[in-house]
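Bear in mind that the values in this text are calculations on the coordinates, not laboratory data. Since this is a predicted model, take the numbers as computed values, not measurements. Positions of Cβ are backbone-derived with ideal geometry, glycine not excepted, and every protein chain shown enters the neighbour counts.
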Amino acid sequence: METILFLSHTEQDGTLSRASLEALAAARGLADGTKGQLVVGVFGEQTAPAAAQLAGSGAKRALAVTSADLAAARYASDAAAAEALARAAGATVVVAPATSRLSRVLAGVSHRLGGKVDTHATAVGAPDGAPTVTRWFYRQRMEATLRRSARPWFVTVEAGTQPAFRGEGAAPALEAVTLALTDDQRRTKVIGFRAPEAQAQTIRPDAKLLFVAGAGWTKKQADGKPHLDQAEQLILGFIGKAKASLGSSKSMTDLATEGHGVMNFMTHLNQVGQTGSTPRHAKGLATCCHGEEPHVVGWRFINERRAVNLDPNCGWARGKADVVYVADAFAVMEKVNALLSRS
C-alpha cells in the first residue's frame, strides 16, 4: 500500500500558501486513487497556524518540524527537515508544491533516501490504481504521463494547476518530529531581504491578470512618430493600479538587441511564450501583439484571453483570444487608467 506524504514549508506567519494547498489537494486525490494512506508533513518556524488548514484532509498522521532554524530558506536545514518528515512518515510517494524553497532541496533529499524526483507536475493521479504524474515538455508543446517503480518518489506540483484544498472541521493534532542540526548546517545566515519598490515590481505570479505588451507599443503611431514615454506611463500606470503582472512578446524584448527604442522596465524576465515563461493567471490582456503561435503557447493555462489591436486580421482575431477589441491600445489604456483612478 502506498503512503502518500504531503510535504510543505509554512509561510512567515505559520500558514500554508495557496500553492501548498493545491499540492495538498493533489496528494489527497492520489491517496484516494491508490487506496493508500495520506500523511501530512509541514516544517517552519511556526506550524500551529497551518493545522487549521489541514482540517478535514483525511490524513492518518499530521507531522511537523518546528524550529527557529527554519524561519528562512536555507538548503542545509530545509533538506534536513524534509528528510526527517519523509523518514518519519515512511513515505513511498511525496507530493510537494513547486515553490522555490522546496524545488531547491527535494532533488538532494530524494538522493539521500535512494529515491527519484520529478518536477513541475501539472496533474497527479492514479487512473488504474498506480501513481501517475502528468507534465509538459518543450514549452508546453508536448504532454507526457510518467510512472516510476522507484520509491520514495518525490513530485513537485506546479502552482495554478489544481483546485486549492479548503480545510473544514477540527484541526488535527500535530505530531512533533525532532530536527537535530549541526553547527555546519547553521553556517549560512540570512541577514535581511531586499525587494523592489512596489511601483517598480512588474512580475506578480499571484496576480489575477496578466497584461502583455507587444512590439506595437514602440512603433510609429498615427502621427508618424513613436511615443515611448507615453507608452511607459500608460503601461506602468495600469500595472500599478490593477496590481497586474506584466508580460511581453519575444519581439518586444528582442528590440533592445536590434538597436530600437525599448521601455526601460522591460526585460527578458517579462517574456512569455517562445522560450519565455508559461504564466498561470485567471485572465490575460494582450495589447499591440501580433499573436503568433509560439506566443500563444505561453498562454495555454490562462482561463480568459482578450486582446487590443488595430488590425482586425491579427492572429488574436482568429480563434486565439476569447475577445478582440479592434481599437488603438494607447486610447484604450488611457481611458482604462482614468476609470481605475476613480475607483
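Estimated at 0.36 nm per residue, the fully extended path between residue 230 and residue 269 surpasses their Cα-Cα distance by 11.8 nm. Highest mean first, the peptides 204-212, 49-57 sorted by other C-beta atoms within 10 Å per residue fall in the order 49-57, 204-212.
Taking each residue as 0.36 nm, the span from residue 186 to residue 301 lengthens on full extension beyond its C-alpha to C-alpha distance by 37.4 nm.
When the P(r) of the chain is calculated, the portion above 39 Å amounts to 26% of the C-alpha pairs. The convex hull defined by the C-alpha atoms of segment 1-63 has an orientation-averaged projected area of 3.7 nm². Rg over Rh for segment 95-196 works out to 1.03, using Cα positions for both radii and the Kirkwood form for Rh. For segment 75-104, the residues whose backbone nitrogen is under 20 Å from a point 7 Å from the Cα of residue 206, taken along Cα to Cβ, are 96-104. Residues 265, 43, ranked from the fewest to the most other C-beta atoms within 10 Å, line up as 265, 43. Computed over the chain, relative contact order equals 15 percent, with contacts defined as Cα pairs under 8 Å that lie 6+ residues apart. On full extension, the segment bounded by residue 134 and residue 12 gains 40.8 nm, given 0.36 nm per residue less the C-alpha separation. Spatial offset of segment 318-335 relative to segment 60-132 amounts to 44 Å, using the alpha carbon center of each. Only helices enter this figure: runs of n ≥ 4 DSSP H residues, each worth -39500 (n - 2.57), summed and divided by the residues of the chain, yield -8000 deg cm²/dmol at 222 nm to the nearest 500. Summing +1 for each Lys or Arg and -1 for each Asp or Glu among the other residues whose beta-carbon sits under 12 angstrom from that of residue 153 gives +2.
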